[in-house]
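Remarks on the structure that follows.
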Amino acid sequence: MNTISSAPAPAGEVDVDRPYELDPATPARFERDGFVRLPGVLTPATIAHFEPEITAKLIELNTMHLPMSERATSQKAFLQVTNLWQHSDLVRRFVLSQKLGRIAAELMGVDGVRLYHDQALYKEPDGGITPWHADQYYWPLNSDRTCTVWVPLQPTPATMGPLEFAVGSQNVDFGRDLPISDESEATVQKALRERDFEVSAEPYDLGDVSYHSGWTFHRAGPNTTQSPRRVMTIIFIDADITVAPPADHQRADLDAFMPGIEPGQVPDTPLNPVIYRR
Ligand SMILES: O=C(O)CCC(=O)C(=O)O
């Protein structure tokens, strides 16, 4: 499958298929820390090619129209639209790209990955914090071989709310029963401080992306700038993962993102294509 040259694409080239050369130590670092930031995965031309369509679809499909002052904390964090790839051939090209899927498989040490769903997460000017949370709380899946690639569509300085990670928090036993909320922010923050967890917070240059595991605690600060923080994400799951009996707070995800699938089955639906196999 990977006969394409692995030399980095020139900055002016649109590229979502060439393999990104991971440092051989990076998968072990991902396993240890629960996340990695990777520099220069996407060229400026690639981001310029896909960003306008992702933004247009976010605006078209967004259903949140309350003023900021009337929103809950999680609603102030970002505008959120899922499965944009179902609405645009161009976004489909990005979401199903070999480059991002291959990195996910290599980081998780699995033979292949399928799509769980994509989502655009746009933190508006004056948008609030993203509270501490772990994504897999919402996911009825039988394994931790899951991860999200977080793709900023502009350089993202500290003032815009880049994603922050609690280093090594994917293995803890606290906070896993909490949805994203004021309570998760306060409870997880306290637990992380008491246990001296390091928090990794860095700006992202254009083309940098990060990957985090489903159980890694992460948050983001507010967007204090007057520009939206435009981010596209893709959630990858082991291609051979099976579905778990859903808890009440996971039923919505099962119905929306793996329709018709029963516990014990691989979610082999049209919404969950295999994106990459070694
Ligand atoms: O973009 C954000 O502020 C939060 C992102 C997030 O929670 C995720 O991608 O899992």
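Laboratory data are not the source of any read-out in this text; all were calculated from the coordinates shown. Just so you know, these numbers come straight off a predicted model, no measurement behind them. No Cβ is skipped: glycine too gets one built from the backbone with ideal geometry, and neighbour counts run over all protein chains shown.
Rounded, prolate or oblate: which fits the range 1-99, taking a ≥ b ≥ c as square roots of the Cα gyration tensor eigenvalues, rounded meaning a/c under 1.5, else prolate when a/b beats b/c? Since a/c reaches 1.5 but b/c is at least a/b, the shape of the range 1-99 is classed as oblate. Here the peptides 255-263, 217-225, 104-112 are ranked by packing, the mean other Cβ count within 10 Å, and the order with the highest first is 217-225, 104-112, 255-263. Annotation: the residues 210, 227, 97, 169, sorted from fewest to most other C-beta atoms within 10 Å of their own C-beta, follow the order 227, 97, 210, 169. Judged by the ratio a/c of the largest to the smallest principal axis of the C-alpha gyration tensor, the range 131-274 counts as oblate, that ratio being 1.5 or greater while a/b is no larger than b/c. Per-peptide packing, taken as the mean over residues of other Cβ atoms within 10 Å, places 8-19, 62-73 in the sequence 8-19, 62-73 from highest down. A Förster radius of 22 Å combined with the Cβ-Cβ distance from residue 251 to residue 143 puts the calculated FRET efficiency at roughly 0.70.
A crude spin-label estimate for the pair residue 126 and residue 59, with each label 7 Å from Cα along the Cβ direction, gives 2.0 nm. For the range 26-257, the gyration tensor built on C-alpha atoms gives a rounded shape. Its axis ratio a/c (a ≥ b ≥ c) stays under 1.5.
Our Cα-only numbers for the range 48-101 put the radius of gyration and Dmax at 13.4, 41 Å. Among 211, 122, sorting on how many other beta-carbon atoms sit within 10 Å of each Cβ, with the fewest leading, yields 122, 211. The dipole here belongs to the range 26-257: it is taken about the Cα centre, uses +1 on the Cβ of Lys and Arg and -1 on the Cβ of Asp and Glu, and is about 360 debye.
For the chain, the relative contact order comes to 28 percent (Cα pairs under 8 Å, sequence separation of at least 6).
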